[in-house]
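Here is the structure we will look at.
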Amino acid sequence: MEWINWLLPVLIALPLVGGIMAGIISSDRVRYTLVTVLAVLIAAGGIGVVYLSTQAGNGVWSMSVAPWMAHVGAVLELAIIAVILIVALKIKNAWIALFAILQLLGVAGGFFIHGDHSSSFELFKIDNLARIMLLVSCCVGAAILIFSIGYMDNHQKHAPEGAGSLQRFYFVFLSFLGLMIGLVVSNQLSFFSFFWEGTTLCSYALIGQDGGEARSKNAVRALLINSFGGVLLVLGVLALKCQTGGETFNELFSKSVSNVLLGKVDLRLMAAVLLAIAAFTKSALFPFQSWLLGAMVAPTPVSAMLHAATMVKAGVYLVMRLTPNFQSDVRVTMVIAFAGAITFLGGALLACTQSNGKRVLAYSTISNLGLVVACAGINSPLAYAAGLAIISFHAISKGLLFLCVGRIEQKIGSRDIEDMDGLMFKMPFTSIMILIGMMSMLLPPFGMLLSKWLAIEATMRSPFLLVFMVLGSALTVYFWCKWIGRIQHTGYHPVLPKEELPSTMKIALSLLALMVLATGVTTMLILNKVFVPMAENVYSSKGLLAEAATFPALIIFGSVAIAGIIHYFICWHGFKREWVRKPFLCGENVSSEEVEADSEVRSYDFHSVGGKIEHSHVTNYYFHGIINEKLVTGCLNWSAWLIILVLIGNTVMSGK
């Protein structure tokens, strides 16, 4: 256990120090080498910390520190908020400045609330939920780091005027990862808030990396919304200190404190609710989703890191940590479930109307984050296990998808799904990677489908909530299937061309694809041996949750492999090319040479009378003229604000 006492601080500091070094180094080659080494060390360090933490006697590892460390956390918190205030003054945004001032006043006010500071407290704590987040942040984050080397090298050559340097990018990018690692293991809320606000500040810098009015506007929006969440976080911590005198998750979850302090209001529950709403802002649930959609203007590694591995997961992580400790407050937790459910359905519905690939991924991310929050609010072992599974499987699959779309955009100059026809011919390797990612989001035996099935099972006793779950799941199938079909829309060509891409990008995509396939093969094993025991342990309900499924995914993959082998030896092995008759659609498909010679010719075009090349046209259906994105978003935002008001009202009324 002594090893982890120094390994964890090193793991937190490593990206931060590495970011400083990357910001100083002027040689691209040396910087890329440093980033590669850091990616390997972060992944190995994360796995090492997770393994060592499991050796604790009760499965929960913690690091206790002297009482004066609480003041260190408060000073760090004040410092990071002061930096945000300086940024707000620089960009002349009064609202962000106001939120920063309110946070500074809240943190300063906490100094005058005296609790028991005579004994040590647990600064860092690693339980099963923290282990999942560590693995997601370190492993998926490391793959994104490796991908960024090839991507940013090409991106910087075509970056718009005024774009930030690579030194700036990697300084902020690596710092962001280090702050996220610190966030998920922090038990003391001042340190938690420091890391929380640090990720907010880094996201602002990363979204505005390429400069320009549109990017600056979206970066400011992200800072504004997350600063509002920061105010709620500080208020929640203040409420907790007023109730208990302490500011750790231990005090927040303690059942020994008095439930009534301010009139009839349970301040401990109010603190938890304020933290939960702050989590809504970080995870971009409705009505706070606009900052995440705006983040799509950032370079692809930023989108992948924000949406898949780190920032948005911080919010659902906090909700998953909070709700099991307040399961007796059903009126509150069920409202949280509905807040998640409306985001799940609304995000899936709006994803169906998008042809921009990154916006589809963004709405899909928002939808799945809502599903996690809904699972947390349902407050049952089955739903909790589903939430854990979604956090894990979604991070890997969505990380792969974002990176693939970024690679496609660099190659074809567009992120529009309608421009991705014939992609299997143009970019066979990337096409296979993105198809693996998409299929893992909706097909058996991959974990996302199983997770959604568990979530639906958990809502059987709440018919209204069940409708949201079923409709959201159905819409998810729709928008993934039409994208899959578009990518596979290509003509007949006997040989696919070789796709050239940087080795770092190929390695990163391959690693994530292997993770997707490995977790797909072992989905049932992971569920029954990891997530189910974790859920039962959290809810102290041994035996109440039967095995979710006993049918091994290996049978499905094994059957496909055997069928492929049989097909190879019986059909393909003895196949002769001259037996093939080329397809005929008023004329044979164009040749590979014709596609390469003329950029207007597509791989599925065909020859008509006199050898004239005819263009076939196929398009997806996006409900244009039926579903108005602006109108639907407005309705969802108003509904979400109403749910938040009901959540606060129920909290106020809970003590009466």
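General observations
- Assessment of the range 251-263 against the conditions (modelled with pLDDT of 85 or more, of a type in the set (Phe, Trp, Tyr) and assigned to a helix (DSSP H, G or I)) yields no matching residue.
- Residue match in the range 56-64 (condition: open to solvent by 50 Å² or more (accessible area, probe 1.4 Å) and of a type in the set (S, T, N, Q)): yes
- Flag if residue 216 is of a type outside the set (Val, Ile, Thr) and under 30 Å from residue 125 (Cα atoms): no
- For the range 429-453, a residue qualifies if it is touching a Cys at 6+ places or on another chain (Cβ under 8 Å) and either at pLDDT below 85 or under 27 Å from residue 339 (Cβ atoms) (or both), and exactly one does: 442.
- Test: residue in the range 477-498 that is touching an Asp or Glu at 6+ places or on another chain (Cβ under 7 Å) and either open to solvent by 20 Å² or more (accessible area, probe 1.4 Å) or without any contact (Cβ under 8 Å) to a residue 24 or more places away in the chain (or both): yes
- Scan of the range 410-446 for residues that are more than 21 Å from residue 522 (Cβ to Cβ), assigned to a helix (DSSP H, G or I), open to solvent by less than 10 Å² (accessible area, probe 1.4 Å) and not small (Gly, Ala, Ser), ordered by number: 417, 420, 423, 430, 434
- Boolean, residue 398 is surrounded by fewer than 24 Cβ atoms within 10 Å (Cβ to Cβ), closer than 30 Å to residue 626 by Cα, out of contact with any Cys (no Cβ under 9 Å at 6 or more places or on another chain) and touching a residue at least 60 places away in the same chain (Cβ under 8 Å): no
- Checked against (1) in contact with a helix residue (DSSP H, G or I) (Cβ under 6 Å, 6 or more places away or on another chain); (2) in a loop (DSSP other than H, G, I, E, B), residue 4 passes all but a single condition, namely (2).
Quick grid of which residues meet (1) out of contact with any strand residue (DSSP E or B) (no Cβ under 8 Å at 6 or more places or on another chain); (2) in contact (Cβ under 8 Å) with a residue 12 or more places away in the chain; (3) of a type outside the set (Lys, Arg); (4) more than 18 Å from residue 107 (Cα to Cα):
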position: 171; (1), (2), (3), (4): yes, yes, yes, yes
position: 201; (1), (2), (3), (4): yes, yes, yes, no
position: 212; (1), (2), (3), (4): yes, yes, yes, yes
position: 218; (1), (2), (3), (4): yes, yes, yes, yes
position: 241; (1), (2), (3), (4): yes, yes, no, no
position: 249; (1), (2), (3), (4): no, yes, yes, no
position: 252; (1), (2), (3), (4): yes, yes, yes, no
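- Test set (1) under 37 Å from the mean Cα position of the chain (by Cα); (2) at pLDDT below 70; (3) open to solvent by 50 Å² or more (accessible area, probe 1.4 Å) - residue 560 fails condition number: (2)
- Residue within the range 456-474 that is open to solvent by less than 50 Å² (accessible area, probe 1.4 Å), part of a helix (DSSP H, G or I), more than 18 Å from residue 372 (Cα to Cα) and at pLDDT 80 or above present: no
Every residue, every condition in (1) among the polar types (S, T, N, Q); (2) farther than 30 Å from residue 538 by Cα; (3) under 25 Å from the mean Cα position of the chain (by Cα), yes or no:
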| site | (1), (2), (3) |
| --- | --- |
| 50 | no, no, yes |
| 61 | no, no, no |
| 72 | no, yes, no |
| 75 | no, yes, no |
| 82 | no, yes, no |
| 105 | no, yes, no |
| 109 | no, yes, no |
| 112 | no, yes, no |
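- Matching residues, the range 155-169, being over 14 Å from residue 212 (Cα atoms) and touching a residue at least 40 places away in the same chain (Cβ under 8 Å): 155, 166, 167, 168, 169
- Residue in the range 521-542 that is at pLDDT 75 or above, basic (Lys, Arg) and open to solvent by 50 Å² or more (accessible area, probe 1.4 Å) present: yes
- Condition broken by residue 343, with the remaining ones in (1) open to solvent by 10 Å² or more (accessible area, probe 1.4 Å); (2) under 20 Å from residue 402 (Cβ atoms) satisfied: (1)
- Hits in the range 21-55 (condition: open to solvent by 30 Å² or more (accessible area, probe 1.4 Å), more than 25 Å from residue 151 (Cα to Cα) and either assigned to a helix (DSSP H, G or I) or acidic (Asp, Glu) (or both)): 47, 51, 52
- Residue in the range 155-168 that is buried (at least 20 other Cβ atoms within 10 Å of the Cβ) and within 30 Å of residue 278 (Cα to Cα) present: no
- When residues of the range 73-90 are limited to those that are among the hydrophobic types (A, V, I, L, M, F, W, C) and surrounded by fewer than 15 Cβ atoms within 10 Å (Cβ to Cβ), the one farthest from residue 222 (Cα to Cα): 75
- Here 189, 183, 177, 206 are screened, and the one residue that is surrounded by 24 or more Cβ atoms within 10 Å (Cβ to Cβ) and more than 26 Å from residue 274 (Cα to Cα) is 206.
- Selection status of residue 18, under 30 Å from residue 156 (Cβ atoms), open to solvent by less than 20 Å² (accessible area, probe 1.4 Å), part of a helix (DSSP H, G or I) and among the small types (Gly, Ala, Ser): yes
- Filtered by the rule that a residue be hydroxyl-bearing (Ser, Thr, Tyr), at pLDDT below 90 and open to solvent by 10 Å² or more (accessible area, probe 1.4 Å), the range 284-312 gives no residues.
This table checks each residue for (1) among the hydroxyl-bearing types (Ser, Thr, Tyr); (2) without any contact (Cβ under 8 Å) to a residue 40 or more places away in the chain.
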{"residue": "301", "(1), (2)": "no, no"}
{"residue": "304", "(1), (2)": "no, no"}
{"residue": "310", "(1), (2)": "yes, no"}
{"residue": "315", "(1), (2)": "no, no"}
{"residue": "320", "(1), (2)": "no, no"}
{"residue": "324", "(1), (2)": "no, no"}
{"residue": "328", "(1), (2)": "yes, yes"}
{"residue": "335", "(1), (2)": "no, no"}
{"residue": "339", "(1), (2)": "no, no"}
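- Helices (runs of 4 or more DSSP H) completely within the range 305-409 that count 2 or more residues being of a type in the set (Phe, Trp, Tyr): 330-351
The values are calculated or read from the model by the stated rules, or taken from the named source; none is laboratory data. Being a predicted model, the structure only gives us computed values, none of them experimental. Quick reminder, even Gly has a Cβ in these numbers, built from the backbone with ideal geometry, and neighbours come from all protein chains shown. We work out accessible area using only protein heavy atoms, side chains counted, and drop any ligands, DNA or RNA first. Shrake-Rupley method; radii C 1.70, N 1.55, O 1.52, S 1.80 Å.
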